[in-house]
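For reference, the structure discussed in these notes is given below.
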Amino acid sequence: MFSFILKRLAGAIPTLFIIITLAFFLIRTAPGGPFDKERTVPPEVQANLNAVYHLDKPLYEQYGHYLFNVIQGDFGPSFQYRDFSVTDLIGSGFPVSLTLGLTAIFFAITIGMSLGAIAALRQNSAIDYAVMATAMTGITIPNFVMAPLLTLVFGVYLGMLPVGGWGDGVSQAILPVVALALPQIAYIARLTRGSMIEVLRSNFVRTARAKGLPERVMLTRHAMKAAMLPVVSYLGPASAAIITGSVVVEQIFSIPGIGRYFVQGALNRDYTLVMGVVIFYGTLIIVFNLIVDIVYGMLDPKVRMG
Amino acid sequence: MEFSTGISRFLTKGTFVKTTRAVALGVSLLAGTSALVAPSLAMAEMVFNRGNGTEPGSLDPQISEDVNSSTILRDVFEGLTAEFTDGSLIPGQAESWTVSPDGLIYTFKIRSDAVWSNGDPVTAQDFVYSWQRGVNPTTGSEYSFLLYPLQNAQAIANGEEKDLSKLGVKALDDKTLEVQLEGPAPYFLGMLTHSVAYPVHKATVEAHGEAWTRPENMVSNGAFNLIEWTPQSRIVAVKSDSYWNKDSVKLDKVVYYPTESTTTELKRYRAGELDWTYEVPNDQISWIKENMGDEFHVSNYLGTYYYGFNLTKPPFNDPKLRKAFSLAIDRDILTSKIVTAGEVPAYAFVVPGVTAYDAVYADFKDQTQADRDAEALKLYEEAGYSKDKPLEIELRYNTNDNHKKIAIAISSMWKKVFGAKVNLVNEEFKVFLETRKQKEVTQAFRAGWIGDYNDPNTFLELWLSDSGLNDTGFNNPEFDSLLKQASLEQDAPKRKELLMKAEGIFLESNAVAPIYHYVTKRMVKPYVKGWQSNVMDHIRSQYITVEK
């Protein structure tokens, strides 16, 4: 187990290196630089700015310089938010994005799996159809449509919940978490239903029933565990979807997470900020996938790590 | 947090009954005290929730370059001069000043009660340090060029002069500052209200590096002190006890909310979370006018939206053609049907109403649109094109709904009046700026200009032949020489004449087609008082009251 994790982590290093290199050169191929504005600065001022941020050096030298600093954990200064280093910005945004993301995943799993299980147990009943119809709607409505709708209804018309901001109480988190979790709840409900129906027809469930095991015990101890497998393997893509979803949701709800830095950083050609967020997200997704593999191994006896 | 650990301690120690009693007691005590405290607190705290556009780029006065940081900096710092609610110039940290007869030497007397938030006196040396910092190449100040009227400022900024002490600013004693200018600059006093000319506290800057602007480190000299800065979430400033004019400050607290999206900002305003918005979404203006008209405030702003032509390449190297294209734009239709907040049709580049100036207009301002169209067609044909042999051009703008609507409307006007074929090309903002600057593929392009200070110079200097902002390639020696003469002219009426003549030449060239003058448009709750629109849109929280 331990050597498996070590091997996977060692394998992540070249992946990250490729991500860094690609991102570094890709963002610089985009025309325009961090200090280009409608109000262009005089050439000598532009030269001073480039010198302060080493942008006057040849590209390969900047790349070497950047790699060297990243290895030491220094992501450099932000060009757009000049009072902060990229590490500061990610450090202040990450706890927020993490809270938002984990809460959304938590609700996605618990609610999604419960709904899916209920639908599977009452297959082809009215409840089943209702759950699946709702799920289908949840999947098809993107969160950039859902989020403004939610704010309009619950914030502006009903005045029940705040429409933006973060950190002044749990109520501010409700709408963004719902907007972020809804499509995932829907996916997970469909996945669970599908695999649950399959599991309920499998031989080991028939055996368990034949042994006279109470239905509740059979469900929780045997059927659910097996039915979870596709859901667990979906968690990798789900976390990636939550991350990309948070880019939109954070913008709509004015949430100070890192998703907004990704978009703003790219538009502003804030090279270091974009790089920082890319590396950070890259690492996060690698770690998530690793966790998924470990959990999968624990659940499925057919998969062995080593 | 305290509360829950308290409960768990009770649970492990005592019985459940005891605990519930204790909790009940605590709750009733809390309720009792809050009932006593709450009304007096509500009376005392006057909080202004101010929507503030995008996240500020920097709260370092010499580094800040965006409108939204400036708004905060005007509340937290103060320069030698300041502005009243109507935007008029008043003494700030300087209680008085004298100007030498040749207009080159300014001597400022700094207030004896001007102090930093840590109690240190604000001295002339602070200004010397800060302005040297502003032009020092290693600071990387984007607005260092605003200090160029100071002697040797430009030479220091471009590295020719290494000795910072050569900058034209000296401390005669702790409270007397002498400034030596390169040439008389009538806008100099007004420029001192820009953040690049604010003083910074040397010891603080040197002790904390780039982190000196964090609330826990910052030492400032304005009406408010920064106490919280959570990026992308909010910035909080409280009334300063050390500010010399603290009696004029009514608010206890200002909370600035950065909101990237104007739609989100409007929603937060409607939900009562904001008292003031930075802007309003363009596509909701008619709805706002209909439903919340009383809270919608529109006022003239120091900016011009225009289309520029690339003069360095055919076809727009032909002045007749440029004039035809400018004439055929029906500005009244644009400002009544496309941009509808109350934008003013533009026939001048310098915004009418700028101080020390009389507006100069394009010669066709008073013609009817029908006459303009007829003349446009004639000029178009003289330039060698016709309905059968139409001109095909590209019109470039940066990707944005508003720009797109305007471009579609204008291209259809050009098509209708003389049948030109217009291809619309939109580019992402930074890409667009780059193409525009290169003057290679651009033919006609969108642009906008907001004045940096209230003077015609900030509009006209763009079009100097060596200006880095001159994306049209306009190059006119007479224009250059008039601007040069104006910069040396001490007599205000004569300077005005020179600048007006220069604008006349520029407008006659039709290097640009002015389209409309910008307005500021925002929502303000009726209980927000003590503010007034002004052309610079400098609205200091210092004078505002919130009377809920």
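Please verify whether segment A:235-248 includes one or more residues that are within 26 Å of A:VAL177 (Cβ to Cβ) and open to solvent by 50 Å² or more (accessible area, probe 1.4 Å). So that I can check it myself, show each step before the final result.
First pass over segment A:235-248, keeping only residues within 26 Å of A:VAL177 (Cβ to Cβ): A:235-248.
Applying the additional criterion that residues be open to solvent by 50 Å² or more (accessible area, probe 1.4 Å) yields A:237, A:244.
Yes, segment A:235-248 contains a residue that is within 26 Å of A:VAL177 (Cβ to Cβ) and open to solvent by 50 Å² or more (accessible area, probe 1.4 Å).
Would you point out the residue of segment B:49-70, among those that are surrounded by 22 or more Cβ atoms within 10 Å (Cβ to Cβ) and in contact with a strand residue (DSSP E or B) (Cβ under 8 Å, 6 or more places away or on another chain), that is nearest to the other protein chains (Cβ to nearest Cβ)?
Once the filter is applied, the top-ranked residue is B:LEU59.
Please work out which one of (1) in contact with a strand residue (DSSP E or B) (Cβ under 8 Å, 6 or more places away or on another chain); (2) crowded, with 22+ Cβ neighbours inside 10 Å; (3) in a loop (DSSP other than H, G, I, E, B) is the condition B:ARG268 fails and give its number.
(3)
Can you give me the number of residues within segment B:105-156 that are assigned to a loop (DSSP other than H, G, I, E, B) and within 13 Å of chain A (Cβ to nearest Cβ)?
First pass over segment B:105-156, keeping only residues assigned to a loop (DSSP other than H, G, I, E, B): B:111-114, B:116-120, B:122-123, B:136, B:140-143, B:148-149, B:151-152.
In the following step, the residues that additionally are within 13 Å of chain A (Cβ to nearest Cβ) were identified as B:136, B:140-143, B:148.
The number of residues fulfilling the criteria is 6.
Filter segment A:254-279 down to the residues that are of a type in the set (Val, Ile, Thr) and either over 24 Å from A:GLY164 (Cα atoms) or free of Cβ contacts under 8 Å to residues at least 12 places away in the same chain (or both) and list them by number.
Initially, segment A:254-279 is screened for residues of a type in the set (Val, Ile, Thr), giving A:255, A:258, A:263, A:272, A:274, A:277-279.
Answer for segment A:254-279, where residues must be of a type in the set (Val, Ile, Thr) and either over 24 Å from A:GLY164 (Cα atoms) or free of Cβ contacts under 8 Å to residues at least 12 places away in the same chain (or both): A:THR272, A:VAL274, A:VAL278, A:ILE279.
For segment A:251-267, which residues satisfy the criterion of being within 8 Å of chain B (Cβ to nearest Cβ), modelled with pLDDT under 85 and over 11 Å from A:PRO176 (Cβ atoms)?
A:ARG260, A:GLN264
Report, by residue number, each residue of segment A:32-46 that is part of a helix (DSSP H, G or I) and facing another protein chain (nearest Cβ under 7 Å).
Residues of segment A:32-46 part of a helix (DSSP H, G or I): A:43-46.
Correct list: A:PRO43, A:GLU44, A:VAL45.
Mind telling me which of the residues B:LEU177, B:LEU226 ends up being surrounded by 20 or more Cβ atoms within 10 Å (Cβ to Cβ), away from chain A (no Cβ under 14 Å) and assigned to a strand (DSSP E or B)? Explain how you work it out, then say what you get.
Working: B:LEU226 fails: away from chain A (no Cβ under 14 Å).
Residue meeting the stated conditions: B:LEU177.
Which members of segment B:227-276 meet the condition of being at pLDDT below 95 and among the small types (Gly, Ala, Ser)?
Hits for segment B:227-276 are B:SER233, B:SER248, B:SER261, B:ALA271, B:GLY272.
Report, by residue number, each residue of segment A:268-293 that is within 14 Å of chain B (Cβ to nearest Cβ), at negative phi and either part of a helix (DSSP H, G or I) or open to solvent by less than 20 Å² (accessible area, probe 1.4 Å) (or both).
Step one: filter segment A:268-293 for residues within 14 Å of chain B (Cβ to nearest Cβ), giving A:268-274, A:276-277.
Of the ones still in play, those that are also at negative phi are A:268, A:270-274, A:276-277.
Once the filter is applied, which keeps residues that are within 14 Å of chain B (Cβ to nearest Cβ), at negative phi and either part of a helix (DSSP H, G or I) or open to solvent by less than 20 Å² (accessible area, probe 1.4 Å) (or both), segment A:268-293 yields A:ASP270, A:TYR271, A:THR272, A:LEU273, A:VAL274, A:GLY276, A:VAL277.
Looking only at residues that are among the polar types (S, T, N, Q) and surrounded by 22 or more Cβ atoms within 10 Å (Cβ to Cβ) in segment A:127-151, which one is nearest to the other protein chains (Cβ to nearest Cβ)? Walk me through how you get there before you give the answer.
Kept after step one, since they are among the polar types (S, T, N, Q), are these residues of segment A:127-151: A:134, A:137, A:140, A:143, A:151.
Still in the list and also surrounded by 22 or more Cβ atoms within 10 Å (Cβ to Cβ): A:143, A:151.
On the way: A:ASN143: 14, A:THR151: 5 Å.
Restricting to residues being among the polar types (S, T, N, Q) and surrounded by 22 or more Cβ atoms within 10 Å (Cβ to Cβ), the top hit is A:THR151.
Within segment B:132-141, identify whether any single residue is in contact (Cβ under 8 Å) with a residue 60 or more places away in the chain, open to solvent by less than 20 Å² (accessible area, probe 1.4 Å), farther than 25 Å from B:LEU488 by Cα and not hydroxyl-bearing (Ser, Thr, Tyr), and answer yes or no.
Among the residues of segment B:132-141, at least one is in contact (Cβ under 8 Å) with a residue 60 or more places away in the chain, open to solvent by less than 20 Å² (accessible area, probe 1.4 Å), farther than 25 Å from B:LEU488 by Cα and not hydroxyl-bearing (Ser, Thr, Tyr), which makes the answer yes.
Among A:LEU100, A:LEU67, A:LEU49, which is the only one that is more than 14 Å from every other protein chain (Cβ to nearest Cβ) and not β-branched (Val, Ile, Thr)? Full working, then the answer.
Values: A:LEU100 fails: more than 14 Å from every other protein chain (Cβ to nearest Cβ); A:LEU49 fails: more than 14 Å from every other protein chain (Cβ to nearest Cβ).
Step by step, each of A:LEU100, A:LEU67, A:LEU49 is checked, and only A:LEU67 is more than 14 Å from every other protein chain (Cβ to nearest Cβ) and not β-branched (Val, Ile, Thr).
Tally the residues that are modelled with pLDDT under 85 and polar (S, T, N, Q), restricting the search to segment A:136-158.
1
Considering each of A:LYS7, A:LYS37 in turn, give the residue that is open to solvent by less than 50 Å² (accessible area, probe 1.4 Å) and among the basic types (Lys, Arg). Spell out how you get there, then give the answer.
On the way: A:LYS7 fails: open to solvent by less than 50 Å² (accessible area, probe 1.4 Å).
Testing whether each residue is open to solvent by less than 50 Å² (accessible area, probe 1.4 Å) and among the basic types (Lys, Arg) leaves just A:LYS37.
Table: residues versus (1) closer than 25 Å to A:PRO237 by Cα; (2) of a type outside the set (A, V, I, L, M, F, W, C); (3) away from every other protein chain (no Cβ under 11 Å); (4) more than 27 Å from the chain's Cα centre (by Cα).
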site: A:GLY76; (1), (2), (3), (4): no, yes, yes, no
site: A:GLY91; (1), (2), (3), (4): yes, yes, no, no
site: A:PHE107; (1), (2), (3), (4): yes, no, yes, no
site: A:LEU121; (1), (2), (3), (4): no, no, yes, yes
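Could you grab the pairs with beta carbons closer than 7 Å, sequence gap of 6+ or different chains, first residue in segment B:298-321 and open to solvent by less than 10 Å² (accessible area, probe 1.4 Å), second one among the basic types (Lys, Arg)?
B:TYR307/B:ARG446; B:PHE309/B:ARG322; B:ASN310/B:LYS439; B:PHE316/B:ARG322
One line per residue, one yes/no per condition, for (1) part of a loop (DSSP other than H, G, I, E, B); (2) open to solvent by 30 Å² or more (accessible area, probe 1.4 Å); (3) in contact (Cβ under 8 Å) with a residue 12 or more places away in the chain; (4) on the phi > 0 side of the Ramachandran plot:
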site: A:ALA181; (1), (2), (3), (4): no, no, yes, no
site: A:ILE188; (1), (2), (3), (4): no, no, yes, no
site: A:THR220; (1), (2), (3), (4): no, yes, no, no
site: A:GLN251; (1), (2), (3), (4): no, yes, yes, no
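Kindly check whether there is at least one residue in segment B:386-393 that is open to solvent by less than 70 Å² (accessible area, probe 1.4 Å) and either within 14 Å of chain A (Cβ to nearest Cβ) or among the aromatic types (Phe, Trp, Tyr) (or both). Talk me through it step by step, then tell me what you get.
Let us first name the residues in segment B:386-393 that are open to solvent by less than 70 Å² (accessible area, probe 1.4 Å), namely B:386, B:390-391, B:393.
Narrowing further to those that are either within 14 Å of chain A (Cβ to nearest Cβ) or among the aromatic types (Phe, Trp, Tyr) (or both): none.
The answer is no, given that none of the residues of segment B:386-393 is open to solvent by less than 70 Å² (accessible area, probe 1.4 Å) and either within 14 Å of chain A (Cβ to nearest Cβ) or among the aromatic types (Phe, Trp, Tyr) (or both).
I'd like the residue in segment B:427-460 that is within 10 Å of another protein chain (Cβ to nearest Cβ) and of a type in the set (Phe, Trp, Tyr) and, out of all such residues, is most open to solvent (accessible area, probe 1.4 Å).
Here the residue is B:PHE429.
Taking only pairs six or more apart or across chains, which ones have beta-carbon atoms under 6 Å, a first residue in segment A:152-173 that is more than 7 Å from every other protein chain (Cβ to nearest Cβ) and in a loop (DSSP other than H, G, I, E, B), and a second residue that is at pLDDT 85 or above and loosely packed, with under 15 Cβ neighbours inside 10 Å?
A:LEU161/A:SER171
The values are calculated or read from the model by the stated rules, or taken from the named source; none is laboratory data. Everything numeric in this text was worked out from a predicted model, so none of it was measured. Because the Cβ atoms are built from the backbone with ideal geometry, glycine has one as well, and the counts that use them run over all protein chains shown. Areas reflect the complete protein model, heavy atoms only, side chains present, ligands, DNA and RNA absent. Shrake-Rupley method; radii C 1.70, N 1.55, O 1.52, S 1.80 Å.
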